[in-house]
1. Hey, could you check the range 57-98 for residues that are part of a helix (DSSP H, G or I), in contact with a Leu (Cβ under 9 Å, 6 or more places away or on another chain) and open to solvent by 50 Å² or more (accessible area, probe 1.4 Å) and say which is farthest from Gly190 (Cα to Cα)?
2. Among the residues of the range 282-290, is any small (Gly, Ala, Ser), touching a Phe, Trp or Tyr at 6+ places or on another chain (Cβ under 9 Å), in contact (Cβ under 8 Å) with a residue 12 or more places away in the chain and closer than 23 Å to Phe101 by Cα?
3. Being of a type in the set (Gly, Ala, Ser) and touching a residue at least 12 places away in the same chain (Cβ under 8 Å) is the filter; apply it to the range 33-56 and report the residue that is least open to solvent (accessible area, probe 1.4 Å).
4. Which residues, counting only those in the range 244-270, are touching a residue at least 60 places away in the same chain (Cβ under 8 Å), among the hydrophobic types (A, V, I, L, M, F, W, C) and surrounded by fewer than 20 Cβ atoms within 10 Å (Cβ to Cβ)?
5. Taking into account only those residues within the range 207-242 that are at pLDDT 95 or above, of a type in the set (Val, Ile, Thr) and under 24 Å from Asn61 (Cβ atoms), which is most open to solvent (accessible area, probe 1.4 Å)?
6. For the range 125-140, check the following and say yes or no: at least one residue is out of contact with any strand residue (DSSP E or B) (no Cβ under 8 Å at 6 or more places or on another chain) and not in a helix (DSSP H, G or I).
7. Which one of the conditions (1) closer than 23 Å to Lys87 by Cβ; (2) among the charged types (D, E, K, R); (3) in contact (Cβ under 8 Å) with a residue 12 or more places away in the chain; (4) open to solvent by 10 Å² or more (accessible area, probe 1.4 Å) does Asp154 fail to meet, given that it meets all the rest?
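The values are calculated or read from the model by the stated rules, or taken from the named source; none is laboratory data. Keep in mind that this is a model prediction, so the values were computed, not measured. Because the Cβ atoms are built from the backbone with ideal geometry, glycine has one as well, and the counts that use them run over all protein chains shown. The area values use the complete protein model at the heavy-atom level, side chains included, leaving out ligands, DNA and RNA. Shrake-Rupley method; radii C 1.70, N 1.55, O 1.52, S 1.80 Å.
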Amino acid sequence: MATKTQHFGPSSTFITLFLVLLLHIHYAKSDLKLNYYSESCPRAEEIIKEQVNKLYHKHGNTAVSWIRNLFHDCMVKSCDASILLDKTKEQTSEKTSQRNFGMRNFKYIETIKEALENECPNIVSCADIVALSARDGIVMLGGPQIEMKTGRWDSKDSYLAEVESFIPNHNDSMSLVLSRFNSVGVDTQGTVALLGAHTVGRVHCVNIVHRLYPTVDPTLDPDFANYLKTRCPSPQPDPKAVEYARNDHVNPMVWDNLYYKNIMSNKGLLIVDQQLVSDPTTYPFVEKFASNNSYFNDQFAKSLIILSENNPLSGDQGEIRKVCRHVNK
């Protein structure tokens with residue numbers, strides 16, 4: 001019996017091409033894996049850890065900078081080191097956004113990059129340096145060990161115009177803050193956990209004085225408000241001056257859950273900190289984390305992994321920069 005030949009019409013061809021495209025997108029976006037550099041640069045993660053350790057012992061605040069880099073990079077479109085790009089005649093820079101006010105120590109990312117280039121030229125991305133330095137910085141501060149995938153590519157563009165659409169402000173409503181984190185796959189509990197990074201580091205007086213002057217925010221503990229006024233004595237602080245208050249003035253460089261205990265006592269620096277307590281959707285998680293440091297660390301680690309894997313670029317979309325602050329020529 002003759003075999004019937006099957007003919008595919010235009011619609012079938014379109015469906016086939018569409019499925020191929022979907023598969024391409026899936027695999028292009030799924031290149032992250034543990035030990036990505038095990039063959040191409042076996043000591044890559046060890047070198048980053050060594051450099052983070054050295055820099056921490058010379059400049060302790062670098063550990064906090066690494067954590068902030070990851071948040072501010074990965075929240076904007078992709079974890080692609082776009083935050084590191086300097087302003088040039090041809091290129092804008094996310095560093096100039098008010099959302100990124102106070103970020104620093106970018107030059108030490110180049111220190112890590114130089115060490116990697118000496119070992120394995122043109123192999124390790126700046127985006128992976130951002131992710132792994134944050135991971136290792138957390139450990140230096142006493143935080144959890146986090147297994148993190150690698151294989152990110154670096155962006156060829158800066159996204160200055162998009163920064164404010166992705167990174168929530170410190171005085172935004174809690175619903176907006178939650179929606180921004182939710183857009184990158186982090187749920188409400190995860191958002192509360194990630195904000196626990198405020199347990200280390202400091203806040204410039206520019207972002208505090210509106211809670212102190214002309215009248216004190218009634219949600220602030222009065223004694224804590226008086227302390228803040230000693231740190232920020234002027235209602236119009238100089239943005240370029242070193243005027244700040246510590247997020248946790250008892251253990252400012254120790255990773256723990258004291259942040260949650262502080263905000264439950266109305267001792268949060270930022271409006272967003274206070275809103276975690278006043279918002280009924282977030283307060284139960286504040287209570288959980290305040291009472292159980294291990295649970296906080298577990299949830300923080302899970303949420304940081306989600307954020308660190310936000311929308312990674314594929315090879316044809318990005319590059320491996322030779323210098324982290326500039327795109328390749």
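1. Restricting to residues being part of a helix (DSSP H, G or I), in contact with a Leu (Cβ under 9 Å, 6 or more places away or on another chain) and open to solvent by 50 Å² or more (accessible area, probe 1.4 Å), the top hit is Thr96.
2. Keep residues of the range 282-290 that are small (Gly, Ala, Ser), which gives 290.
Next, only the ones that are touching a Phe, Trp or Tyr at 6+ places or on another chain (Cβ under 9 Å) stay: 290.
Now narrow it down to the ones that are in contact (Cβ under 8 Å) with a residue 12 or more places away in the chain: 290.
Restricting the remaining residues to those that are closer than 23 Å to Phe101 by Cα gives none.
No, the range 282-290 has no match at all.
3. Let us first name the residues in the range 33-56 that are of a type in the set (Gly, Ala, Ser), namely 38, 40, 44.
Applying the additional criterion that residues be touching a residue at least 12 places away in the same chain (Cβ under 8 Å) yields 40, 44.
Numbers: Ser40: 61, Ala44: 2 Å².
By that ranking, first place goes to Ala44.
4. Once the filter is applied, which keeps residues that are touching a residue at least 60 places away in the same chain (Cβ under 8 Å), among the hydrophobic types (A, V, I, L, M, F, W, C) and surrounded by fewer than 20 Cβ atoms within 10 Å (Cβ to Cβ), the range 244-270 yields Met253, Val254, Leu270.
5. Thr230
6. Within the range 125-140, the subset out of contact with any strand residue (DSSP E or B) (no Cβ under 8 Å at 6 or more places or on another chain) is 129-130, 133-140.
Narrowing further to those that are not in a helix (DSSP H, G or I): none.
For the range 125-140, residues out of contact with any strand residue (DSSP E or B) (no Cβ under 8 Å at 6 or more places or on another chain) and not in a helix (DSSP H, G or I): absent.
7. (4)
Yes/no matrix, rows are residues, columns are (1) surrounded by fewer than 19 Cβ atoms within 10 Å (Cβ to Cβ); (2) in a loop (DSSP other than H, G, I, E, B); (3) touching a Ser or Thr at 6+ places or on another chain (Cβ under 8 Å):
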| residue | (1), (2), (3) |
| --- | --- |
| Gln145 | yes, yes, no |
| Ser158 | no, yes, yes |
| Val163 | no, no, yes |
| Pro168 | no, yes, no |
| Phe181 | no, no, yes |
